[in-house]
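These notes are about the structure you will find just below.
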Amino acid sequence: MLLSAGNRTILPHLQDQNGVLVRRGQVYVPVGALRLEVIRAHHDEPMAGHFGRFKTVQLITRSYWWPKMRQDILRFCDSCAVCQQSKTPVGRPRGLLSSLPVPERPWQIISMDFISDLPKSGGYTCIWVVVDLFSKLAHFIPCSTIPAAPTLALLFTKHIYRLHGAPEVIISDRAPQFVSRFWKHFHECLGTKLNVSSAFHPQTDGQSERVNGLLEQYLRCFCLDQPTAWVKWLPVAEFAYNNAVHTSSQHTPFELTYGFHPRGGVAPSTNVVSSDPVYRSSEMAALHDVARRLLLEAKATQKTQADRRRQAGEELEEGDLVWLSSKYIKQAGGKFAPRYLGPFPIVKKISSVAFRLRLPSTFKIHPVFHRSLLKLDTSGRRGAVAEDITAVSPPSEEEAFVRGDSVMVEPHGSATGRRGRKTPRESDTLEERERKRLRDIFAEPSDEDDFEGFTLFTSFCFVCSQAEASCFDFTQIKLRFNPVYLLNVFLAPFYFLG
């Protein structure tokens, strides 16, 4: 039952209506477990609907009121486990762009991917795409099917290693061939580091994905009438791509790799290539320096543009509990399946946007995920939130009572320790309001027995304030070079001393 006992603090504008405190048509809810029950009934119950913060605040404030109720409601909604598991967060995706490093030279860092499920052409149904991250030079290798790791190692030796040597880093997705033991052991022998993408995040190998799209576009243009003849266009497609200027480096892949543009057969050769090896070496070094600077500028521009559509999100650390998006995980229930699974603990922070989770043994997926698929668990705060809302026990009925439209607090129930303190009434005159305000500012409990000098002082200050256009601001005492104000400050101690 809502009692008229109220709170230990002074609550203005409350009226007693049959034992219930009411403020502008809203029932006052005293501190204690009752506030938590009101919030729970207007959020967790089926008639409430587990709606978000705004709707819940509007629903509760329609009928109830207590100090700082909006803060309590928002914290309660944010700690709801059902909402976190069932709702897709609105706003920009979490996780700012983390760009790959720019290599120092060609074929230092490469990426690779497959284009599969193509129409059968000459016995081939798949293309293995290998791209250099510095020069952007690419090789398109036809395959009958997606090869196993041993076959892939032979193709790598035949088409990549014999031309460019062993790279320092290979970036790829999590295809079975790229995470197999054979492939890992093969590149351990070559001294190559394998960087595979996190689960369900193909953007890690965005370079290969972009080249895949350009290659498919090229083959689509020349294979409209004969879709099964794509394999014969593949060598020409590779030449056309490597002979085109790349937007980021402002140079062609051929130029950054070999130092000149090869003849394509459709234009006369105007390139003059020096035969001096020293000059060629210095010229290539200068060319690579320019290209690397342009690549760094392009990376910075791409990050700025990408981060406009993203947000950093909460800072995640090892040991935090997070919810995992079920967007790419098959579940029973269809559209009514939970949008997030978990929560799961973070066992390792690999980077600012990649985290390793401790998943149940029933999850047959890689445990490293991008930040955009994770959401910090705040349901564990529900206990602390409920404790904060119900922390202060309700006062007894003798601690407060109602007179007219203001609440009087008894001496033993006052939070400030001052006796008979009362909020201003609408019927108070302006002089009475100013006197009460000054009394709250200057008077101590020991001064209240001898208050004659203080009353004289407040009356004098009120007259000065009326005559001098707020020269003495009682609520915000501001220093002004005003003679009347300075006189008031000088005479104030004498009024207190009597």
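The values are calculated or read from the model by the stated rules, or taken from the named source; none is laboratory data. The structure displayed is predicted, hence computed values, not measured ones. So basically every Cβ, Gly included, is an ideal-geometry build from the backbone, and we count neighbours across all protein chains shown.
Before moving on, here are some points about what is shown:
- When region 49-64 is filtered for residues that are among the basic types (Lys, Arg), more than 16 Å from Arg382 (Cα to Cα) and either surrounded by 12 or more Cβ atoms within 10 Å (Cβ to Cβ) or in contact with a strand residue (DSSP E or B) (Cβ under 6 Å, 6 or more places away or on another chain) (or both), only Lys55 remains.
- Annotation note: of Pro101, Pro30, Pro46, Pro67, the sole residue that is surrounded by fewer than 16 Cβ atoms within 10 Å (Cβ to Cβ), in contact (Cβ under 8 Å) with a residue 40 or more places away in the chain and part of a loop (DSSP other than H, G, I, E, B) is Pro67.
- So Pro262, is it surrounded by fewer than 17 Cβ atoms within 10 Å (Cβ to Cβ), closer than 24 Å to Ser172 by Cβ and modelled with pLDDT under 90: no
- Single residue of region 18-46 satisfying the filter (at pLDDT 90 or above and among the β-branched types (Val, Ile, Thr)) that is nearest to Asp78 (Cα to Cα): Ile39
- Count of residues meeting criterion [in contact with a helix residue (DSSP H, G or I) (Cβ under 9 Å, 6 or more places away or on another chain), modelled with pLDDT of 90 or more and of a type outside the set (Gly, Ala, Ser)] in region 160-175: 5
- Pairs are defined by a Cβ separation below 8 Å, a sequence spacing of at least 6 or placement on different chains, a first member in region 281-303 that is free of Cβ contacts under 8 Å to residues at least 60 places away in the same chain, and a second member that is surrounded by 14 or more Cβ atoms within 10 Å (Cβ to Cβ) and among the charged types (D, E, K, R); the pairs so defined are Leu287/Glu255.
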